[in-house]
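The values are calculated or read from the model by the stated rules, or taken from the named source; none is laboratory data. This is a predicted model, so every value here is computed, not measured. Cβ: placed from backbone, ideal geometry, glycine included. Neighbour counts: every protein chain shown.
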Amino acid sequence: MRTGAPSVRQAARDAAERLEQAGVPDPAASAEVLLSELLGIGRGEIALREGPLPDEQAALYGAWISRRLEREPVQRILGYAYFRNLKLNLNEDTLIPRPDTESVVDLALERVDLRGSCRVLDVGTGSGAIAISIAQERPLCEVHATDISEAALEISRRNAQQNRATVHFHRADVASGLGSLDGTVDLLVSNPPYVDELSAERRLAPEVREWDPPAALYSGSDELAFFRRIFAETPPLLADGADVVLEIGDEQAEAVLDLGRRAGFVPLGTRPDLAGTPRAVLLRWGAMKGGASPTEVAEALRGGKVALVPTETVVGLVAAEIGLPRILEIKGRDANKPVALLCTSAEEAFALAAGVPPLARRLASLYWPGPLTLVLDRAGGGTIGVRVPEGPTVRAVLEAYGGPLYATSANRSGEAAPKGLEDVDPEMPEAVDLIVEGEPGTGKASAVVDLSGGQVRLLRATEDLSEERLARLARG
């Protein structure tokens, strides 16, 4: 050991200073991670190490820092990366798995949990980060993964074995050669190449641009090329109602969702990464269920079809009177429990009532259009619940239909009502005929006031309508 050799702590400080002077990002983190991995200790222990760094380790550490000065990523220097609960080996054909991709895995796991056991396909698996994470964290799933590179598959197989996860690997270019999976994939997930070569210099740091494999990083001159292929080539593999979770680049969400929509997928939303940037999109495969215009939806409703329609409150099951029995069947609701009618205006709503108390008109002037349901005496006997919604999506459907429509929240009785389409139980889209795209609502049910039989009862209070406020309005 050299006399006067720096301590472990000082070696890390000196290395960080060299990296900082060279303009390397996160110099302290790079210096400390490399040294802690070299010594097999935690980063926090470095500051406690007063003893000198042995000559052999000092030489290797110096070589690693020299490589980092050339902007080689820490994970490439080490030959492995940490991702969620995994330690993943890398080679020249695999991307470095990054924290942003954890949001993709989180979203995929949420979809798995809604389904229970299911068959998952990871397209373009690379090191296997996504597929192995799902297989390890949800072992009841049957997980398949593909890559076009045999070298990438070799490393991903080793990673699966070392992390004690069962994954079925296939060499395939997107969906080619996967006929054995036809019509059976419940969840497709992918982190495809989404950087066009022309913008790489501007968009990517040297650690990515110069060290990640081009085949896994670049999509040619069209940054959406691989998304187009996924939407065009994977439908034969997908079960009806399958979820699709895709990692996307910055500012690509709208374009990717639109591509999916035009290919027959139903866009359900986005998921941000740790920085709050949309990093994953969620779609559902149901070729004839999504993308219909309000006019087409209205025509289907006249024929007894049932649609999922977002409102300003929750996603609703919507049908004309002819389709009302199917709503009750889908929801598992007692046929004796009434279902409210959505109307385009107060005049349309009140025309259905046997009489309209002054309080009803007062409430309508204050809360319609909006989240208020009024229970009134119905013309011809019985009672009726009516609401004039505010949400643009459901109003467009109502106006195209030209009359009131029955609607109830798109959840099984006793379960939480879905705020947006992505929150809907996967069985629900399979049971309906159409899915109408739209912005999610508040997730809060409407207030309900019963004015039938001359009474005044608040059946469901909200922040905007309490017992006290209703009493004041009733007094005039």
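Each row is one residue, and each column tells you yes or no for (1) more than 30 Å from GLN455 (Cβ to Cβ); (2) more than 30 Å from the chain's Cα centre (by Cα); (3) among the hydrophobic types (A, V, I, L, M, F, W, C).
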| position | (1), (2), (3) |
| --- | --- |
| GLU347 | no, yes, no |
| PHE350 | no, yes, yes |
| ALA360 | no, yes, yes |
| GLY380 | no, yes, no |
| PRO389 | no, no, no |
| GLU399 | yes, yes, no |
| GLY414 | no, no, no |
| ALA417 | no, no, yes |
| GLU439 | yes, no, no |
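Every condition in (1) more than 18 Å from ARG387 (Cα to Cα); (2) free of Cβ contacts under 8 Å to residues at least 12 places away in the same chain is met by LYS337 except one, and the failing one is (1). Taken over region 10-32, residues that are among the hydrophobic types (A, V, I, L, M, F, W, C), buried (at least 19 other Cβ atoms within 10 Å of the Cβ) and under 34 Å from the mean Cα position of the chain (by Cα) amount to 1. Inclusion of ALA28 among residues that are part of a helix (DSSP H, G or I), farther than 21 Å from VAL208 by Cα, of a type outside the set (Lys, Arg) and not assigned by TED's automatic domain parsing to the domain that holds LEU153 is not warranted. Considering (1) at pLDDT 90 or above; (2) polar (S, T, N, Q); (3) exposed (fewer than 15 other Cβ atoms within 10 Å of the Cβ), the lone condition that SER7 does not fulfil carries the number (1). Kindly evaluate VAL208 against the criterion of being touching an Asp or Glu at 6+ places or on another chain (Cβ under 7 Å) and β-branched (Val, Ile, Thr). It is false that VAL208 is touching an Asp or Glu at 6+ places or on another chain (Cβ under 7 Å) and β-branched (Val, Ile, Thr).
Of all the residues in region 148-166, those that are within 17 Å of LEU181 (Cβ to Cβ) and without any contact (Cβ under 8 Å) to a residue 40 or more places away in the chain number 2. The number of residues in region 240-292 being among the β-branched types (Val, Ile, Thr), modelled with pLDDT of 90 or more and touching a helix residue (DSSP H, G or I) at 6+ places or on another chain (Cβ under 8 Å) comes to 5. Looking at THR408, THR373, just one residue is closer than 19 Å to VAL448 by Cα, under 30 Å from the mean Cα position of the chain (by Cα), assigned by TED's automatic domain parsing to the domain that holds VAL339 and of a type in the set (Val, Ile, Thr), and that residue is THR408.
Residue-wise test of (1) part of a loop (DSSP other than H, G, I, E, B); (2) in contact with a Pro (Cβ under 7 Å, 6 or more places away or on another chain); (3) at pLDDT below 90.
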{"site": "ALA400", "(1), (2), (3)": "no, yes, no"}
{"site": "ARG412", "(1), (2), (3)": "yes, no, yes"}
{"site": "ALA416", "(1), (2), (3)": "yes, no, yes"}
{"site": "GLU422", "(1), (2), (3)": "no, no, yes"}
{"site": "ASP425", "(1), (2), (3)": "yes, no, yes"}
{"site": "THR442", "(1), (2), (3)": "yes, no, no"}
{"site": "VAL448", "(1), (2), (3)": "no, no, no"}
{"site": "GLY453", "(1), (2), (3)": "no, no, no"}
{"site": "ALA471", "(1), (2), (3)": "no, no, no"}
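Can you pull out every residue in region 147-164 that is assigned to a helix (DSSP H, G or I) and surrounded by fewer than 18 Cβ atoms within 10 Å (Cβ to Cβ)? Answer for region 147-164, where residues must be assigned to a helix (DSSP H, G or I) and surrounded by fewer than 18 Cβ atoms within 10 Å (Cβ to Cβ): GLU150, ALA151, GLU154, ARG157, ARG158, GLN161, GLN162.
Within region 339-359, at least one residue is assigned to a helix (DSSP H, G or I) and either buried (at least 22 other Cβ atoms within 10 Å of the Cβ) or among the small types (Gly, Ala, Ser) (or both).
As a summary of the residue check, VAL375 satisfies the conditions (1) touching a residue at least 24 places away in the same chain (Cβ under 8 Å); (2) assigned to a helix (DSSP H, G or I) except for the one numbered (2).
For every residue, the table says whether it meets (1) closer than 18 Å to PRO6 by Cα; (2) among the acidic types (Asp, Glu).
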residue	(1), (2)
PRO52	yes, no
ILE65	yes, no
GLU72	no, yes
ILE77	no, no
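Of the residues in region 303-320, none is surrounded by fewer than 20 Cβ atoms within 10 Å (Cβ to Cβ) and part of a helix (DSSP H, G or I).
Within the set GLU299, GLU329, GLU347, the sole residue that is modelled with pLDDT of 95 or more and more than 18 Å from GLY441 (Cα to Cα) turns out to be GLU347. Note on region 246-261: residues that are part of a helix (DSSP H, G or I) and in contact (Cβ under 8 Å) with a residue 24 or more places away in the chain total 7.
If you go through region 289-302 one residue at a time, do you hit one that is of a type in the set (S, T, N, Q), touching a residue at least 40 places away in the same chain (Cβ under 8 Å) and surrounded by 15 or more Cβ atoms within 10 Å (Cβ to Cβ)? Among the residues of region 289-302, not one is of a type in the set (S, T, N, Q), touching a residue at least 40 places away in the same chain (Cβ under 8 Å) and surrounded by 15 or more Cβ atoms within 10 Å (Cβ to Cβ), which makes the answer no.
Within region 236-268, the set of residues being over 26 Å from SER199 (Cβ atoms) and surrounded by fewer than 20 Cβ atoms within 10 Å (Cβ to Cβ) comprises PRO236, ALA239, ASP240, GLY241, GLY264. Restricting attention to region 173-218, the residues that are among the acidic types (Asp, Glu), over 22 Å from the mean Cα position of the chain (by Cα) and outside any helix (DSSP H, G or I) total 5.
The residue that is farthest from LYS419 (Cα to Cα), among those in region 321-338 that are outside any loop (DSSP other than H, G, I, E, B) and either out of contact with any strand residue (DSSP E or B) (no Cβ under 8 Å at 6 or more places or on another chain) or not assigned by TED's automatic domain parsing to the domain that holds ALA417 (or both), is ILE322.
Per the listing LEU90, LEU114, the residue uniquely surrounded by fewer than 21 Cβ atoms within 10 Å (Cβ to Cβ), outside the structural domain of GLY42 (by TED's automatic domain parsing) and hydrophobic (A, V, I, L, M, F, W, C) is LEU114.
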